[in-house]
Amino acid sequence: MSITLLKGSDLVEYISERQAKQVRALIQSRGITPTLAILIANPKNLAIQKYVKFKQARAKQLGISIQIHAPKQDQLEGAILKLNQDSKVHGIILQLPLEEASQTEYFLNLITPQKDVDALGEEAVVQPATAGAILWLLAGYNIELKNKKILIIGQGRLVGTPITRLLTEQNLNLETLDISASEQKLKAEIQKADIIISATGSPELIKLSYLKDKQVVIDAGTAESGGVLLGDLDPELYSSDLNLKLTPKVGGLGPLTISYLFENLIQLIDKS
């Protein structure tokens, strides 16, 4: 077996130590306790429940204050506008997905750019968290992007579109594939790629039979099935004899994404 696991969790300790020092400096030198407001309008979603718990745990470790707000979706506008004006709140996150997804863009763009920690609004002043976390992960494992063929599967609002933009800005050899692509097209494009970033939320989409030796595969997708969170990679990949670099089922991109959120929060305070 020649699988190398790209564990974001192994990179977090150093980042967290640095961020904790930055938070202590803000408290001591400026009297600012970094405060993040999390808006949950879809509380029954399992992924949201888990991610919020992870954020709360990391915030406690860093000395960051978390506020949880649970307005109904028809109350979101008022809640966001109020938090925009609250000088004690330095960052705002709207947990996605919303129950009524058609309103997502409207609410994300209501968040003032100076508090948009997820960087999903059109005028965001920091980098999108999950996309930034992908770049951190690749850099942390010294994975070279130049002269590599990179395939991004899925063009969703949270991951696919932002990482496509960031990598396009670096003039890399990049291809994108929509979730609606046929299995034949998916397999053909994967076979041509050196680095694959899958962000579809389609459980077990990436099959072992699609892959070849020496590929890097980043799982940036999350879906819920029967109360269990699943990624885009078929579990069969992890017992393969191929020489692959894969994000693990647990502790891959998620821990780094949370770290990047708090990186953005600290940056936004520094800019204020």
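Go through the stretch 201-215 residue by residue and turn each phi into a ³J(HN,Hα) via Karplus (6.51, -1.76, 1.60, θ = phi - 60°); whole Hz please, and just put x for glycine and proline.
Here the 3J(HN,Hα) series is x, 9, x, 6, 5, 8, 8, 4, 5, 7, 9, 10, 5, 6, 8 Hz.
So which aspartates and glutamates pass the test for K249, namely a Cα distance under 13 Å, with those fewer than 8 places away in the same chain ruled out?
Output for K249: E204, D219, D232, D234, E236.
Using amide H atoms built 1.01 Å from N in the peptide plane, name the residues 5+ places from I196, or on other chains, whose amide H lies under 5 Å from its own.
Under 5 Å from the amide H of I196 lie the amide H atoms of L151, V216, V217, I218, each far enough along the sequence or on another chain.
Between beta-carbons, use under 13 Å as the cut-off and find the net charge around I179, counting Lys and Arg +1, Asp and Glu -1.
Charge balance near I179 sits at -2.
Rank the residues E77, E122 as a footprinting-exposure proxy: fewest other Cβ atoms within 10 Å of their Cβ go first.
E122, E77
Inverting the mean 1/r over all pairs of different Cα atoms, compute the Kirkwood radius of the chain and quote it in Å.
Taking the inverse mean of 1/r over all distinct Cα pairs, the chain comes out at 19.3 Å.
Loop-only check: which trypsin sites (Lys or Arg not before Pro) in the stretch 113-158 are DSSP coil with at most 10 other Cβ within 10 angstrom?
Sparse-neighbourhood loop trypsin sites (Lys or Arg not before Pro): K146.
For the chain, with only Lys/Arg (+1) and Asp/Glu (-1) charged at the beta-carbon, what is the dipole magnitude about the Cα centre, in debye rounded to 20?
Result for the chain is approximately 800 debye, rounded to the nearest 20.
Could you calculate the contour length gain from K44 to I27, that is, 0.36 nm times the residue separation minus the distance between their Cα atoms, to one decimal place in nm?
2.6 nm
Two decimals is fine: what is log10 I(q)/I(0) at q = 0.12, 0.15, 0.18, 0.21 Å⁻¹ for the stretch 103-238, from a Debye sum with one equal scatterer on every Cα and no solvent?
The calculated log intensity ratios at q = 0.12, 0.15, 0.18, 0.21 Å⁻¹ are -0.50, -0.76, -1.06, -1.32.
Based on the mean of other Cβ atoms within 10 Å per residue, sort peptides 261-268, 20-27 so the most packed one is first.
Ranking, from highest mean packing down: 261-268, 20-27.
Please identify every one of the GluC sites (Glu not before Pro) in the stretch 175-222 that sits in a loop by DSSP and has no more than 16 other beta carbons within 10 Å of its own beta carbon.
Within the stretch 175-222, the qualifying GluC sites (Glu not before Pro) (loop, at most 16 other Cβ atoms within 10 Å) are E204.
Tell me the relative contact order for the chain as a rounded percent, counting alpha carbon contacts under 8 Å between residues six or more apart.
Here the relative contact order equals 25 percent.
Tell me, D270, D178 in order of fewest to most beta-carbon neighbours within 10 Å?
With the sparsest Cβ surroundings first, the list reads D270, D178.
Read-outs throughout are calculated quantities, based only on the coordinates presented, and are distinct from any laboratory measurement. Quantities reported herein were computed from a predicted structural model and do not represent experimental measurements. All Cβ positions, even for glycine, are placed from backbone atoms using ideal geometry, and neighbour counts span all protein chains on display.
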